[in-house]
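First the structure, in the form of structure tokens, and then the observations on it.
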Amino acid sequence: MGHDANGTPRSSGMDRSIRPSSLSPSSSSSSIPKDRSIIGRIKDCFPPLNGKTLLTHYMPASGAVSHALFQNHIFSPNIIHRLFPVGELAVSNVILFNANLGLGFWVYFRPHLSRADRWTRVEFAVFASTIFNFGSLLASVLIKALLPTKTATPIKSLLATSLSFLLLSRAYKYSKFVDKRRVAYSKVNHRLLRSSRMVILRRSMEIPTKPSIDRPRPPLTTPTLLPVAPPTSCHYSTTSK
């Protein structure tokens, strides 16, 4: 540390790099926004209940839960048999129907289908939900056949829940990717349409400053005058014959 001309101490570059803010425990407060963000995400999972959120959020959520329950039913049928010994088949069919219905609502309200007509959205929703649920059913049956016959029920339930989470997460990621591409494509089209409209408007408002180019006119020429002879005077002879 040196001194300047007035005798005041002068800090070096190393001293400048060390500031009290870097030594204060405020840097540990970065975990607070993370906690708040986690709490915010939990709150986003439970929006206020109304007609819109019932169809766009809670119905798809119930469909995802039903999907996980039906996967557990495929791996361990004795769970539903113990809980509902009388209406086991009816309960399993209700769970499968709710899984199809909830995931169908999820597909129906996707942004990439917002410009399609109502029946087209219904067709796509039914098709996607049916293919996804019955494809999951087929995958569960094939994986269950690979397990030993004496596998414990908790292990089967854990495997079924993990498989359901994997399939649902991949479907969620795919739908979000398609929605983002659709939104980006619509933004690009909006910008191009807006720019083209601006160009047309500017061209329509332009005042031509250059004179219009017409066909060249022939130069004006003065008419040529023909030479006229001077008038001849009549002379009468005075001589007598």
* Of all residues in the range 78-100, which are under 24 Å from A171 (Cβ atoms), open to solvent by less than 60 Å² (accessible area, probe 1.4 Å) and not hydroxyl-bearing (S, T, Y)? -> I95, L96, N98, A99, N100
* To do: Could you give me the residue pairs with C-beta distances under 8 Å whose first residue belongs to the range 163-174 and is within 17 Å of K144 (Cβ to Cβ) and open to solvent by 40 Å² or more (accessible area, probe 1.4 Å), whose second residue is in a helix (DSSP H, G or I) and not small (G, A, S) wherever it lies, and which are 6+ apart or on separate chains?
  => L167/H67; L167/F132
* Asked: Pick from L103, L113, L54: which is of a type outside the set (F, W, Y), open to solvent by less than 30 Å² (accessible area, probe 1.4 Å) and farther than 24 Å from S157 by Cβ?
  -> L113
* Asked: Of the residues that make up the range 104-117, is at least one farther than 23 Å from K52 by Cα, part of a helix (DSSP H, G or I) and within 24 Å of the chain's Cα centre (by Cα)?
  -> no
* Enumeration of residues in the range 136-154 that are open to solvent by less than 100 Å² (accessible area, probe 1.4 Å), without any contact (Cβ under 8 Å) to a residue 12 or more places away in the chain and part of a helix (DSSP H, G or I) -> A145, P154
* Could you please find all residues in the range 48-65 being farther than 16 Å from F97 by Cβ and either in contact (Cβ under 8 Å) with a residue 60 or more places away in the chain or not in a helix (DSSP H, G or I) (or both)? => P48, L49, N50
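The values are calculated or read from the model by the stated rules, or taken from the named source; none is laboratory data. None of these values were measured; they are calculated from a predicted model. When we count neighbours, we look across all protein chains shown, and the Cβ atoms used for this are built from the backbone with ideal geometry, even at glycine. Quick note on the areas: whole protein, heavy atoms, side chains included, nothing else; ligands and nucleic acids left out. Shrake-Rupley method; radii C 1.70, N 1.55, O 1.52, S 1.80 Å.
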